[in-house]
Amino acid sequence: MSTLTKVFTVLLVVLSIVFTVMTISVVAQTARWKDNAEKYEQNARIADTNLRQMIAASSAEIASERDAIKSHLAKIGELESRMQAGSGELARLRSDLARVEAEKGSAEAMNRGLLAQVEAARSGETEYRKQLAGIEKRNIELERRNIDLNDRVNEQTAQIDVLFEQKRQYEQQINILKQDAEKLSRQTRRPAAGIGLEAPAGAAMSNVTALTPTGGPSAIRGNILEVSDNIVTISVGSADGVKKDMVFVIHRNDQYVGDLMIGDVTPSRAAGKLIRTTASPVKGDQVTDALAMHSPR
């Protein structure tokens with residue numbers, strides 16, 4: 001065998017080995033490409049599905065964002081309306097502020113005037129205090145004199161009560177003497193002397209002369225002893241000159257209470273019905289016969 005043949009054979013063997021290796025490599029690479037293609041296709045499908053889901057989610061988010069944008073636009077419009085209203089209110093408040101500032105200036109001017117008046121008043125405070133001290137001193141003196149006068153009035157009132165009681169006793173004695181005189185006159189069938197005369201207060205004693213002349217009958221005075229519904233019992237009776245159908249005026253000090261018409265009479269007390277009232281009579285109220293109260297003095 002020649003060298004050329006040997007070389008050609010070696011080359012042929014080498015080429016065969018190379019071709020085989022390349023064929024095996026190509027076949028193996030082709031199998032890997034198919035597997036990769038299937039994997040790529042599966043990945044592409046997964047990616048497409050994910051992309052579609054992402055697109056759907058994005059569409060939903062876009063719709064939600066659009067709704068949110070609309071809501072924000074509506075709020076912006078509302079805020080703009082409020083801002084316009086606030087601008088009007090701000091203008092009004094500024095006007096009010098200007099007016100208040102003007103009033104404040106006027107008030108401050110008035111305050112300054114009042115402060116000036118206060119200062120003037122303070123300047124005369126010492127004189128006023130002196131006058132006040134003098135007035136208080138005079139007031140103390142007047143209170144002392146008033147206390148003395150009250151004591152004298154109480155003393156005079158007590159004396160007047162004693163005199164009224166004496167007068168009442170004298171009038172009772174006079175009425176008893178009149179009744180005795182009337183009885184004697186009826187018994188002797190002769191008019192009793194002095195029956196038609198009206199004895200003045202204090203005439204129970206022959207040597208006593210009344211201090212003031214009287215032109216009418218002596219007043220019969222007493223107090224209420226009991227009040228039962230419309231029936232009133234008083235502390236004077238026939239011994240004091242009380243007669244049936246006489247009218248008494250009920251009074252509480254200087255306050256008019258009502259009128260009382262006598263129905264039942266005993267020597268020491270009488271009872272009757274109320275015929276007119278302005279207030280409810282109570283025990284202790286004074287009574288005076290109406291005829292004597294209205295008689296000219």
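Net charge dipole, region 47-159: roughly 220 debye, given to the nearest 20, about the Cα centre with Cβ charges of +1 for Lys and Arg and -1 for Asp and Glu.
What is the sum of charges, Lys and Arg at +1 and Asp and Glu at -1, for the other residues whose Cβ falls under 14 Å from the Cβ of Arg82? Mind showing how you got there, number by number?
Details: positive: Lys75; negative: Glu78, Glu80, Glu89.
Summing Lys/Arg as +1 and Asp/Glu as -1 gives -2.
For the pair Ser268 and Gln156, a Förster radius of 25 Å applied to the C-beta separation gives a FRET efficiency near 0.25, rounded to the nearest 0.05. Taking 0.36 nm per residue of separation and subtracting the current Cα-Cα distance, fully stretching the chain between Ile55 and Val100 would add 9.8 nm.
Size of the dipole of region 217-297 about the Cα centre, Lys and Arg at +1 and Asp and Glu at -1 on the beta carbon, nothing else charged, in debye to 20? Walk me through the numbers on the way to the answer.
On the way: 9 positive and 9 negative charges, 23 e Å.
Here the size comes out at about 120 debye.
Counting 0.36 nm for each residue step from Gln187 to Ser25 and taking away their Cα separation leaves a gain of 39.6 nm. In this structure, Ile147 and Ala120 have a Cβ-Cβ separation that, at R0 = 51 Å, corresponds to a calculated FRET efficiency of about 0.80.
What list do you get for Thr266, Thr30 if you sort them by fewest beta carbons within 10 Å?
Values: Thr266 12, Thr30 9.
Listing Thr266, Thr30 from fewest to most nearby Cβ atoms yields Thr30, Thr266.
Most exposed first by the Cβ proxy, i.e. fewest other Cβ within 10 Å, how do Ser235, Ser59 rank? Walk me through the numbers before you get to the answer.
On the way: Ser235 16, Ser59 10.
Lowest to highest Cβ neighbour count: Ser59, Ser235.
Here the Karplus curve 6.51 cos²θ - 1.76 cosθ + 1.60, taken at θ = phi - 60°, turns the phi angles of region 229-234 into couplings of 6, 9, 9, 10, 10, 10 Hz, with x standing for Gly and Pro. Remark: the Leu225-Gln131 segment gains 28.4 nm on full extension, using 0.36 nm per residue and subtracting the alpha carbon distance.
Computed from phi, the 3J(HN,Hα) profile of region 107-114 under the Karplus parametrisation 6.51, -1.76, 1.60 (θ = phi - 60°) reads 5, 5, 5, 5, 4, 4, x, 5 Hz, with x in place of Gly and Pro.
With coordinates expressed along the principal axes, the C-alpha atoms belonging to region 217-297 extend over 29, 27, 19 Å, beginning with the largest.
Coordinate-derived values only; no laboratory data. Remember, it's a predicted structure, so these values are computed and weren't measured experimentally. Because the Cβ atoms are built from the backbone with ideal geometry, glycine has one as well, and the counts that use them run over all protein chains shown.
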